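Following: one structure in structure tokens, then a few remarks.
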Amino acid sequence: MSKLRGCGNAHLMSLCGIVAAILLCAPTVFAQALNQGKNDAIYLYQGSDREQHLIENARKEGTVSVYTSLNPKDAAPITEAFEKKYRIKVSLWRASGEKMVQRALTEAQARRFTPDVFESDGIEMEILAREKLLSPFNSPYFKDLPPGSLPKHRLYVADRFNFFTIAYNTNLVKPQDVPNSYQDLLLPRWAGKIAIEANDSDWFAGLVKAMGEKEGLAYFRKLADSRPQVRTGHTLISELVAAGEIPIAMAVYNHAVERLAQAGAPIKWKALAPTMGRPGAVGLARNAPHPYAAVLFADFLLSVDGQALIKQRNRVPASKAVDTVLNKFKYQIIDPATTLDESAKWEKLWNDMFIGPAGKAR
């Protein structure tokens with residue numbers, strides 16, 4: 001049965017409900033189907049001929065099936081470059097992370113193993129890991145990743161990050177007034193003018209822990225007293241800041257702000273210490289029908305070439321081997337496992353402060 005705990009967040013509750021419903025149907029068959037580990041020798045191979053060995057066998061397989069929540073505009077350059085380099089067809093299925101998890105679990109319960117590779121936000125990847133849909137793998141590109149990118153179970157690895165930074169409208173916020181710290185956001189001038197996202201309890205938990213729980217909770221209570229505007233959608237909030245409807249936003253994705261700025265919008269982002277990063281990750285299916293191609297695709301995604309393509313889409317590559325302004329600051333990676341395990345606690349605290357009947361923000 002599922003080992004998921006917590007699930008206080010509405011999104012997580014939906015995911016956990018899906019997992020529980022599917023596993024309840026046939027838990028014994030499901031467990032038997034997922035404990036084979038038949039591809040482990042391929043995934044963990046580190047011989048001196050590893051690259052050529054993978055390429056030759058992947059070309060015999062001829063295709064690789066990838067399930068991802070990455071939007072098509074960002075995924076297409078990666079799959080096209082992989083196909084061109086290796087002459088191996090990529091079958092891409094894209095949906096939200098929640099739908100990806102649902103499909104993967106449903107197919108596994110029916111013993112229909114279609115995907116070779118999964119790529120999604122860390123929380124979804126942690127769910128797949130706990131439900132034994134993934135197997136550990138090696139890659140020579142792990143050495144280029146920052147600490148915290150690879151969990152102890154080694155069942156997925158970060159390939160990109162969403163960094164939570166502030167964003168401000170350059171027409172409405174004077175340069176000398178741009179906050180330099182989280183404490184600056186508590187200044188009276190920002191009362192009622194800051195936007196926060198309604199579903200950021202994982203960022204909230206990470207930041208509170210980084211500040212020290214007592215001090216962190218005290219900080220957020222003061223923030224709630226300033227009555228920030230609660231909106232849904234990080235991209236939407238960035239667009240509202242760019243449009244001048246909101247002067248400043250807290251905890252938006254800096255890559256989304258960068259896209260708007262490069263398009264000429266009057267918006268900038270700034271990383272405040274400590275900056276929290278939500279990982280997106282890649283993992284290999286335990287029962288992948290094309291295991292050689294699966295490893296090869298993961299390698300490509302984590303390589304300088306693959307990471308450069310992520311950078312070209314104004315996203316944040318995980319690799320330290322690819323230079324980008326979007327990660328030139330100290331940051332801490334939010335642990336997906338902790339997010340799942342402690343979500344009920346932090347979601348309640350978040351809702352009590354900002355969302356629910358007792359919340360002060362509207």
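Values quoted throughout were computed directly from the atomic coordinates according to the rules given, and no laboratory measurement underlies them. Just so it is clear, the model here is predicted, and its values are computed rather than measured. Note that we place each Cβ from the backbone using ideal geometry, even for glycine, and neighbour counts take in every protein chain shown.
A few remarks follow.
- Model label points for Ala273 and Met211, set 7 angstrom from Cα along the Cα-to-Cβ axis, are 1.7 nm apart.
- The slack in the chain from Leu186 to Ala263, taken as 0.36 nm per residue of separation less the alpha-carbon distance, amounts to 24.7 nm.
- A crude spin-label estimate for the pair Lys222 and Val304, with each label 7 Å from Cα along the Cβ direction, gives 4.6 nm.
- Stretchable slack from Val178 to Asn71, in nm (0.36 nm times residue separation minus alpha-carbon distance): 35.3 nm
- From helices alone, the chain scores -13000 deg cm²/dmol at 222 nm; the rule is -39500 (n - 2.57) for each run of n ≥ 4 DSSP H residues, then divide by the residue total.
- Label-to-label distance, nm, for residues given as Asp40 and Ala95 (7 Å Cα→Cβ offset): 3.0 nm
- Point-charge dipole on Cβ atoms (K/R +1, D/E -1) for the chain, about Cα centre, debye to 20: 240 debye
- Put the Cα centre of region 172-230 next to the Cα centre of region 310-351 and the gap is 18 Å.
- Label of the coordinate-derived value, Cα Rg over 2.2 N^0.38 Å, listed as (i) 1.32; (ii) 1.03; (iii) 1.18: (ii)
- Cα point-scatterer Debye curve for region 245-301, base-10 log of I(q)/I(0) at q = 0.14 Å⁻¹: -0.63
- Sequence-distant contacts, meaning Cα pairs under 8 Å at least 6 residues apart, place the relative contact order of region 229-362 at 24 percent.
- Here the relative contact order of the chain, from alpha carbon pairs under 8 Å that lie six or more residues apart, stands at 28 percent.
- In straight-distance terms, cross-link reach from Lys84 covers every one of the lysines whose alpha-carbon lies under 18 Å from its own, apart from those fewer than eight places away in the same chain; here that gives Lys60, Lys73.
- Extension gain from Gln312 to Val230, taking 0.36 nm per residue of separation minus the Cα-Cα distance: 26.4 nm
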